[in-house]
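Undergrad: This is the structure I want to talk about, given as structure tokens.
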Amino acid sequence: LEEFVCGLVAQGGLQTGAPLERTGGSLPVGPPAECTVRGPTLLAGEAAGQMNSLTGAGIYPAVACGQMAGQAAARAILRGDAEPLRRYETRWRALLGDYLAQAWRSRQAIAEAPPGTHRERVLSGWRL
């Protein structure tokens, strides 16, 4: 991060800059939420479990699903109809459902693998 900020300063993108603090935390790991639409509420990104539970990758799913959720909300407001909200569930699952389900199955298979199959190495990388 420091190198990135220094690069922006050197290119004139920032007048000055330094990271204020560093933070980190655990990611929710599991399959996507069974239901990401309830009434007028839509879940997207980590709140919906829309991340690769094997690698932790979640930026693309969060951006793609966040955009879909925003579009669905805007359409619902403009039309005065909740149907676009319900379609959000179908749309994001069509785009990412199989990918996220496969990642979850792979994670489960590794976690349940017998000793001596690199299971310990993989699991130690999951615990920070």
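The values are calculated or read from the model by the stated rules, or taken from the named source; none is laboratory data. Bear in mind the structure is a predicted one, so any value in this text is a computation, not a measurement. Here the Cβ is made from the backbone with ideal geometry for all residues, glycine too, and neighbour counts use every protein chain on show. Calculation scope for accessible area: heavy atoms of the full protein, side chains included, ligands and nucleic acids excluded. Shrake-Rupley method; radii C 1.70, N 1.55, O 1.52, S 1.80 Å.
Undergrad: If you take the residues in the stretch 36-56 that are more than 12 Å from ALA72 (Cβ to Cβ) and of a type in the set (S, T, N, Q), which one is modelled with the lowest pLDDT?
TA: THR55
Undergrad: Taking the stretch 1-52 on its own, how many of its residues are in contact (Cβ under 8 Å) with a residue 12 or more places away in the chain, open to solvent by 80 Å² or more (accessible area, probe 1.4 Å) and of a type in the set (S, T, N, Q)?
TA: 1
Undergrad: Considering the stretch 30-54 alone, what residues qualify as being of a type in the set (Val, Ile, Thr) and in contact with a helix residue (DSSP H, G or I) (Cβ under 7 Å, 6 or more places away or on another chain)? Give the steps one after another, and end with the answer.
TA: Initially, the stretch 30-54 is screened for residues of a type in the set (Val, Ile, Thr), giving 36-37, 41.
THR36, VAL37, listed by residue number.
Undergrad: For LEU14, work out the one condition from (1) assigned to a helix (DSSP H, G or I); (2) over 30 Å from ILE110 (Cα atoms) it doesn't fulfil.
TA: Just one mismatch for LEU14, condition (1).
Undergrad: Can you tell me which residue among LEU96, LEU78 is among the hydrophobic types (A, V, I, L, M, F, W, C), farther than 17 Å from MET51 by Cα, part of a helix (DSSP H, G or I) and modelled with pLDDT of 95 or more?
TA: Values: LEU96 fails: farther than 17 Å from MET51 by Cα.
Of the residues listed, the single one that is among the hydrophobic types (A, V, I, L, M, F, W, C), farther than 17 Å from MET51 by Cα, part of a helix (DSSP H, G or I) and modelled with pLDDT of 95 or more is LEU78.
Undergrad: Could you identify the single residue in ALA76, ALA103 that is among the small types (Gly, Ala, Ser), open to solvent by less than 70 Å² (accessible area, probe 1.4 Å) and under 30 Å from GLU120 (Cα atoms)?
TA: Working: ALA76 fails: under 30 Å from GLU120 (Cα atoms).
After applying the criteria, what remains is ALA103.
Undergrad: Which condition number does LEU128 fail, the rest of (1) open to solvent by 70 Å² or more (accessible area, probe 1.4 Å); (2) of a type in the set (A, V, I, L, M); (3) within 23 Å of TYR60 (Cβ to Cβ); (4) at pLDDT 85 or above being met?
TA: (4)
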